[in-house]
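The values are calculated or read from the model by the stated rules, or taken from the named source; none is laboratory data. Predicted model, so just to flag it, every value in this text is computed and none were measured. A quick note on method: Cβ atoms are made from the backbone with ideal geometry, for glycine too, and the neighbour counts reach across all protein chains shown.
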């Protein structure tokens, strides 16, 4: 199902839609995030190219990402567009949908464990987590990687917060991202090797300061060196990469050397 807090979507919002009826003039859809409210995609909003057969673009029971064009709450109608959804918007929305589904499955367990409805589980703990983290699943990931203390500012009972944190640890696997690339370093003079060793050691030491990340630097054969960072999210990985490159570059250039980094 996957619930949204709002009763109606907003214009320009990207939403999940499921086609219920496809006609020559357009497609009728329901929006599962909004209580199965009905929407319509006019044939002119199906594709940016000529539509010879509408069923080549959408068919009954197909789940798609659409852009909301207009919402008429009095007529209970929503105009949608399929052609105005970019590949990036589609990927982003589908990823958001998958994460919301995972969060809802956990909330279903919480509801069953406490003898309450799914809607009540959302009200008592789901929406409070969203208020704190911006997304329910993001809060669950934080709990899985930490403990119930990450919910300190979540407005819910201690019992519910602990139940959710315990379930998150059991059921959510924290994804890791990897960045790697090739350093090319040359330092002239008799002390060149020592300068390079010092620079790379400083880089490794900086990586060790990040408890949740790992950093590897090893030779590919002078003057080439492999730098590999594994972190729980892209921001931390990118920040760590930036800090390491600044340190290594500073030491290499202070020894009159040159350095370049090629991202893989």
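General observations
- Filtering region 54-68 to residues that are within 14 Å of residue 16 (Cα to Cα) and crowded, with 18+ Cβ neighbours inside 10 Å leaves 58, 64, 65, 66, 67, 68.
- Test: residue in region 109-124 that is surrounded by 19 or more Cβ atoms within 10 Å (Cβ to Cβ) and in contact (Cβ under 8 Å) with a residue 40 or more places away in the chain: yes
- Residue 203 vs. criteria within 24 Å of the chain's Cα centre (by Cα) and in the same structural domain as residue 226 (by TED's automatic domain parsing): no
- Matching residues in region 85-108 - criterion: being touching a residue at least 24 places away in the same chain (Cβ under 8 Å) and touching a helix residue (DSSP H, G or I) at 6+ places or on another chain (Cβ under 7 Å): 99, 100, 102, 103, 106, 107
- Qualifying positions in region 15-65 - out of contact with any helix residue (DSSP H, G or I) (no Cβ under 6 Å at 6 or more places or on another chain) and on the phi > 0 side of the Ramachandran plot: 35, 36, 61
- Leading residue by the ranking (surrounded by the most Cβ atoms within 10 Å (Cβ to Cβ)) among those in region 73-83 that are part of a loop (DSSP other than H, G, I, E, B) and touching a helix residue (DSSP H, G or I) at 6+ places or on another chain (Cβ under 7 Å): 82
- Every listed requirement among (1) at pLDDT below 95; (2) touching a strand residue (DSSP E or B) at 6+ places or on another chain (Cβ under 9 Å) is met by residue 3 save one, (2).
- Scanning region 157-200 for residues that are in a loop (DSSP other than H, G, I, E, B) and touching a strand residue (DSSP E or B) at 6+ places or on another chain (Cβ under 6 Å) yields one hit, 176.
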